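See structure below.
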Amino acid sequence: MQSLAQIAADVQQNWPLYVSMPFVAAAIGYVTKIVAIRMMFEPLDFVGLQTKIFGYRVFGWQGIVPRKAAVMATIACDTMTSKLLKPEDVFGRLDPDRVAREIEKPLLEAVDQITRQVAAIYSPGLWEAAPERLKQLIVDRVKGEAPGMVRQIMVDIKKNIGSVFDLKDMVVSSLLRDRRLLNRIFLEAGRGEFQFIRNSGLYFGFAIGLVQAVTWALTHNIWVMPLFGLFTGWFTDWMALKMVFNPKHPKKYLFGLFEWQGLFLKRRMEVSAEYGRLIAAEVVTPRNILDAVLKGPLSDRLFDMVQRQVQKMVDEQAGIAKPFVVFTVGSAKYTEMKRVVAQEMMKRLPDTMKHVEDYAGKAMDLENLLATKMKDLSVEEYEALLRPAFQQDEWILIAVGAALGFLVGEMQVLMMEMLAK
């Protein structure tokens, strides 16, 4: 241990080194945070060698969120579909009559084409021989009933929404299909938290650097630099993550002079609004919802609904002429004709239903619905929205921060040795 006079002389002689220590430590804290955040989300695909050791690909990297996309999407979806959004919330706000009015024009055009097409196929001679006025009369009768059929289909969907719409499958499929979108949800909803984590490295690092300077002055041990660098990288990562989520409720420190609450929990109102906007604008959109109903894993049940309504409409329009129609085309062909009409309706529904997207977006108002329901979540449920992004392989991020800090400390030692020569 040096005397106070020796320490003072050393500090006076090497003051640039001592002044630089807290700034270098602050830089270590800041840079390791930036690296940690980027490692959470980038790259989207694995870069490096595929060789695994103990189950880990150690010669390369893939962002934690993209690599764990299936787990992340499922966790986010579980919270969303169990606590925030139900299929009934999505369709319960749609008015069947309004839907029928919104798609009336494209629907009638499709019905006109389908009626003429099917009639020409299954009764070509009779249809071609019929006067144009009679053809138009038949088409107009079918078109007149089409809006009512759509209304009834919408009523059936609302009554049996669970059998035709898989909300969880739609959400998970959307997030897995677009990993950039999954990244954006975590990054934008947690923008304030990531900014705090990055900046905290400066403050914590600077404070640790002051201790490092004192320790170096007292010991001049070459291990001070790398070990303090390691500690700075590790501690600043660990502490920043802790402060984002803890404590769950406001708590006073330093004899009541300082109050802190986990930043993610403190920003609940702001995060709720942003999360609701993102999910409503990017995931649970009218287009995605309609596509999930029309093309999703349960779309065959929707086809059954459409087929029932088409058969009912065709039978009603055939009326007293039904025996004659059946006699003309045959019962098998008559049944087949109704099935083909239903198939053609299903083919054209995606394009037809695009006209209802604007109305559906306003009627569902999912952005405000999600933001409102998020405010009713318990602290644990709310935390689960963002916490999974940090929990997955969190220790790797902290370890990388520590390793980078150690390397910077070694570089400090090398620079001091070069200056001494």
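The values are calculated or read from the model by the stated rules, or taken from the named source; none is laboratory data. Note that the structure is predicted; figures quoted are calculated from it, not measured. Cβ coordinates were reconstructed from backbone atoms using ideal geometry, including for glycine residues, and neighbour counts include every protein chain displayed. Quick note on the areas: whole protein, heavy atoms, side chains included, nothing else; ligands and nucleic acids left out. Shrake-Rupley method; radii C 1.70, N 1.55, O 1.52, S 1.80 Å.
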#### Entry: Intensity falloff of the chain expressed as log10 I(q)/I(0), Debye formula with alpha-carbon point scatterers, at q = 0.06, 0.11, 0.13 Å⁻¹
-0.44, -0.91, -1.08
### Query
Carbon-plus-sulfur fraction of the accessible area of region 1-105, 1.4 Å probe, in percent?
61
### Summary
Flagged as over-length at 25 Å C-alpha distance, from Lys68/Lys354; Lys86/Lys159; Lys252/Lys373, the pairs are Lys68/Lys354; Lys252/Lys373
### Task
Round to the nearest 10 and give me the degree value, 0 to 90, for the angle of helix 299-318's Cα axis relative to the longest principal axis of the chain.
20
### Query
Just how much of Asp97 is accessible, in Å², when a 1.4 Å probe is used and the result is rounded to the nearest 10?
70
### Query
In square angstrom, what is the accessible area per residue of the chain with a 1.4 angstrom probe?
52
### Accessible surface of Ser174 - all protein chains present, 1.4 Å probe, nearest 10 Å²
10
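Can you give me the relative contact order of the chain as a percent, contacts being Cα pairs under 8 Å and 6 or more apart?
Averaging sequence separation for qualifying contacts and normalising by length gives 29 percent for the chain.
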## Note on the structure
Quick calc: nm separation of the 7 Å Cα→Cβ label points for Lys158 and His249 -> 4.2
### Task
Mind pulling the angle between the C-alpha long axis of helix 104-122 and the longest principal axis of the chain? Nearest 10 degrees, somewhere in 0 to 90.
50
#### Entry: the chain: angle of helix 4-13 to the longest principal axis, Cα-based, in degrees nearest 10
60
## Note on the structure
Here FRET efficiency (C-beta to C-beta, Met239 to Arg101, R₀ 56 Å, nearest 0.05) is 0.45
### Message
As a test question: what accessible area, to the nearest 10 Å², does Ile398 have when a 1.4 Å probe is rolled over all protein chains in place?
### Response
20
### Message
Ignoring chymotrypsin sites (Phe, Trp or Tyr not before Pro) that are buried or in helix or strand per DSSP, and keeping those with at most 13 other beta carbon atoms within 10 Å, what is the longest stretch of the chain between them?
### Response
256-421
